[in-house]
Amino acid sequence: MDNDNLDKSSNNKGEKRQKSILGLVFWVSATVIVVAALIATIIPDQFLIASESVYGWISDYFSWFFMLAVFGFAVFLIFLALSPYGRIKLGGDQSKPEFSFRSWIGMLFSAGLGVGLVFFGVAEPMSHFMVSPFPGGETETVEAARMAMGYSFFHWGISQWSIFGVAGLAIGYYQYRKQKDGLVSTSLEPLLGADYNQKARKSIDILAVIATVTGMATSVGLGIMQMDGGLNIAFGIPSGPLTQIILTALMTGLFILSTTTGLKRGIKWLSNLNMLLAAVITIFVMAVGPFTFIMESIIVGLGDYLSNYVGYSLRMQPYTGEVWVQEWTVFYWAWVIAWSPFIGSFVARVSKGRSIREYVMGILIIPPMLSFLWIGALGGTAIYSDLFNGTNIGELVLEDNTAALFALFDQLPMTQIFSALSILLIFTFLVTSADSATFIVAGMTSGNTDSPSTRLKIIWGVLLGTLTVTLIIAGGLTSLQAASLLAGLPFGVVLIAMIISVSKSLRREPNDSMKRRQRRDRRKA
């Protein structure tokens, strides 16, 4: 994801650029981020205890909310795609897509395959293979392998992308069809009124910014931890806080360089490099790994995913007291909700001019299928290796899930070369994601969503890097998970409000496909 793509889909050359103004949204959200980072730095032990308490409390009392909400998001989007509303465009009735279908697919691919998938592509299926998602379930068997693949597909499938889809639909609909700004608060005007309270507006935008930065910090944190573990396993570089700080500083420095020098071509080149590296790694693993097993496991996993979709979507464990769903599914949904304003804004921008039907079918099919291919190739090869070759990748994953990808490469030819390529892939994903995320956050905090100032993007880049490092040092994955849950819970409520708001607007559409529905509504009135 890169700002070159974002800029292309913004205003025409003749339009005047807004002036970025720092106001309450910036100062409050930035202060919250800075205070959280300071607390994590000054009292890390107490911060870790607090993180564990927050994580436990939210997952204990609100898991049902995340499960029900995300299932509802998917149902809502599928309904829109299949209904006459699907003909409405994210733009004027006569608007055309700004990007070709091929380019659009490429950008959805860029959005869909990120640091999180690289981190969990091997770690998740191997974790489920070693520890069953169900009480008393089989482990380290053929049935366990099948369950692991099907559940991994569920976590990286339609549900995850329905969250991004809802955020992107609301933002894109009001920004491109209604010709308004791309702020989250603006998308709620049909629900709360065009002139609703300014304090409420700013509170919603502050929440969106904090949620986005927190969710992005979780993604960056996972990437930094994985790079740290990979450098230790593959090249013997000491693992720990110093390495993590250096990696984060390098990422932030490269991002700032690209932003201040206007090297959009450089960032675009990095984005293309991301896709090339991901393709090379996937093709390599499929070529040297058990190709037939990989393809068959993808087909079986897809079948298991589709047949268990509703059951997994609404699965809770009130009768056993187990916490597996909270530790995996609820964490995923909260994390994705937290950074949905970022990915939502990106997919909305690149989908301008497409119909709601095209938009929904695109994001609910293309990124999940690419994710399945990645998980099937890498996760499937790791499972095959443990299941039939007697390796111990699963045991290494249970000890340290940052080692998962590199434990797999240790069983394949050219170990160091592909370990290095994977580390490079993670790093370039971090740089390009930070570049795009700070573009979105800078727009949210200045009110200028089309062309935020470079200075503001640099500020948010530094704040993102600082928060990431402090969360990792203070509590590692626990702190990252707690931060996602804390940000995801209130923003989940905002996403539901965005659905209601969009629904109200769609019913008032003057689009030709809506005329019969409008006449029927008037007769009822």
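Put M369, M216 in order of accessible area, highest first, and with a 1.4 Å probe you get M369, M216.
Distance between the modelled labels on V462 and V75, one decimal in nanometres: 4.8 nm (7 Å Cα→Cβ projection). Carbon and sulfur atoms: what percent of the 1.4 Å accessible area of the chain do they account for? The value for the chain is 63 percent carbon and sulfur by accessible area. Note: relative contact order over the range 169-239, using C-alpha pairs below 8 Å and six or more positions apart, is 17 percent. For K199 and R87, the FRET efficiency from 1/(1 + (r/R0)^6), where r spans their Cβ atoms and R0 equals 41 Å, is about 0.65. Helical content alone sets the calculated 222 nm signal of the chain at -25000 deg cm²/dmol, taking -39,500 (n - 2.57) per DSSP H segment of four or more residues and averaging over every residue. Between E399 and I417, the contour length at 0.36 nm per residue exceeds the alpha carbon distance by 4.1 nm. Computed from the C-beta positions of E322 and K96 and an R0 of 35 Å, the FRET efficiency is 0.10 to the nearest 0.05. Full extension of the chain between F134 and V280 gives 49.1 nm of extra length, using 0.36 nm per residue less the Cα-Cα distance. Of (i) 1.01; (ii) 0.94; (iii) 1.09, which is the value of Cα Rg over 2.2 N^0.38 Å derived from the coordinates here? Read-out from the structure maps to (ii). Ordered from largest to smallest accessible area (heavy atoms of protein chains, 1.4 Å probe), the residues I237, I417, I423 come out as I417, I237, I423. Counting only heavy atoms of the protein chains and using a 1.4 Å probe, D228 has close to 10 Å² of accessible surface. Note on exposure: K180, K89, K199 ranked by accessible area (1.4 Å probe, complete protein assembly) read K199, K180, K89, with the most exposed listed first. The residues of the range 324-385 present an accessible area of 17 Å² per residue when probed at 1.4 Å with all protein chains retained. Shape of the range 440-510 from the C-alpha gyration tensor: oblate (a/c of 1.5 or more and a/b not above b/c, with a ≥ b ≥ c the square roots of its eigenvalues). Between the alpha-carbon centers of the range 72-150 and the range 441-487, tell me the distance in whole angstrom. Cα centroid to Cα centroid, the span is 24 Å. Its Cα centre serving as origin, the chain has a Cβ charge dipole (Lys and Arg +1, Asp and Glu -1) of approximately 3580 debye. Between S103 and V300, the distance separating the two model label sites (each 7 Å from Cα on the Cα→Cβ line) works out to 4.3 nm. Per residue, the solvent-accessible area of the range 414-480 (1.4 Å probe, heavy atoms of protein chains only, all protein chains present) comes to 24 Å². Looking at the range 71-221, the accessible area is 33 square angstrom per residue; that uses a 1.4 Å probe and ignores ligands, DNA and RNA. Note on K178: accessible area approximately 80 square angstrom, rounded to 10, probe 1.4 Å, nucleic acids and ligands left out. Only protein heavy atoms count here; under a 1.4 Å probe, Y61 has an accessible surface of about 140 Å². Peptide packing: for 43-53, 337-347, the average count of neighbouring Cβ atoms within 10 Å per residue gives the ranking 337-347, 43-53, highest mean first. Our summary gives the chain a relative contact order of 38 percent, counting only alpha carbon pairs under 8 angstrom and 6 or more residues apart.
Computed from the C-beta positions of W64 and V32, the FRET efficiency with R₀ = 35 Å rounds to 0.80. Note on L273 and L314: the extension gain reaches 10.9 nm, defined as 0.36 nm multiplied by sequence separation minus the Cα-Cα distance.
The values are calculated or read from the model by the stated rules, or taken from the named source; none is laboratory data. All figures in this text were calculated on a predicted structure; none of them were measured in a lab. So basically every Cβ, Gly included, is an ideal-geometry build from the backbone, and we count neighbours across all protein chains shown. Each accessible area value is taken on the protein alone, full model and side chains, heavy atoms only, with ligands, DNA and RNA left out. Shrake-Rupley method; radii C 1.70, N 1.55, O 1.52, S 1.80 Å.
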